[in-house]
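Working notes, beginning with the structure itself.
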Ligand SMILES: O=C(O)c1ccccc1N[C@@H]1O[C@H](COP(=O)(O)O)[C@@H](O)[C@H]1O
């Protein structure tokens, strides 16, 4: 199971994460209203850190996305807002980077809405619906994923914590397309400051069951 640790911005904290956990991806939030927002002046301290960086964008423009790619060394783009199919296609074609397209779940999922995105995204990512777009610390009802109809792999997100591990294990058995977990606010000391020991425990326990 792949692991993404999202919402970081301290160079020291990221270095600690790389040295002790080395997750598959580390997410930087480029949504100005988020408490985990990474301002432009931190680019130099983060750009050369040896980890695959995911840029998380909420309805940003292509120019804004490209500026962050250049300045922060972003390798994967996470579209976490209401980005249209046309915009997603444009970002994929223009940047050539991997795309995580997020769908925030309220009650149900209309799979037809997602189907058209399949050729242009590398992973779907399911998060809990919240007015702030992400980082709510709340899980959604995973029952809606049980008729996931695509081969396209997806990441699970939204309030994931150590307590969820038994349920994640059950979900993975039912839906093999679940290929990664995206963790964030349940592993924080302060917004954007991660508790590395807790992440290590999560990684060790999840690796022993899936
Ligand atoms: O974390 C944020 O502040 C944020 C803001 C805007 C868009 C996305 C954001 N984070 C993403 O939300 C998921 C879920 O976070 P949580 O576990 O519920 O706290 C997170 O993994 C980020 O990808």
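Any read-out appearing in this document is the output of simple, stated calculations on the displayed coordinates, not a laboratory observation. For clarity, every value in this text was computed on a predicted model and none was experimentally measured. Note that we place each Cβ from the backbone using ideal geometry, even for glycine, and neighbour counts take in every protein chain shown.
7 Å from Cα along Cα→Cβ at both residue 161 and residue 190: what's the point-to-point distance in nm?
Computed distance between label sites residue 161 and residue 190 equals 2.1 nm.
Quickly work out the residue 45-to-residue 198 label distance, labels modelled 7 Å from Cα along the C-beta direction, and quote it in nm with one decimal.
2.1 nm
Of all DSSP beta bridges located in the chain, what percent are antiparallel, nearest 5?
5 percent
Tell me, what is the percent relative contact order of the chain, built from C-alpha pairs under 8 Å that lie six or more residues apart?
21 percent
Contour minus end-to-end for residue 120 and residue 93, with contour as 0.36 nm per residue of separation and end-to-end as the Cα-Cα distance?
8.9 nm
I want to check the label-to-label distance for residue 52 and residue 84. Put each point 7 Å from Cα in the C-beta direction and report it in nm to one decimal.
3.0 nm
Where Rh is the Kirkwood radius over the Cα pairs of the chain, the temperature 20 °C and the viscosity 1.002 mPa s, what D in µm²/s does Stokes-Einstein return?
Result for D is 125 µm²/s.
Just round it to a whole percent: the fraction of Cα-Cα distances in the range 147-210 exceeding 18 Å.
Value for the range 147-210 (Cα pairs over 18 Å): 37 percent.
Report, in deg cm²/dmol and to the nearest 500, the calculated mean residue ellipticity at 222 nm for the chain, where each DSSP H run with n ≥ 4 adds -39500 (n - 2.57) and the sum is divided by the residue count.
Helix contribution divided over all residues of the chain: -8500 deg cm²/dmol.
Starting from the Kirkwood radius over alpha-carbon pairs of the range 1-43, derive D by Stokes-Einstein at 25 °C in a medium of 0.890 mPa s and give it in µm² s⁻¹.
222 µm²/s
Taking the radius of gyration and the Kirkwood hydrodynamic radius from Cα positions alone, what is the Rg/Rh ratio for the range 1-81, to two decimal places?
With Rh from the inverse mean 1/r over Cα pairs, Rg/Rh is 0.93.
Give me the number: length gained by fully extending residue 147 to residue 209, i.e. 0.36 nm times residue separation minus the C-alpha to C-alpha distance, one decimal in nm.
20.1 nm
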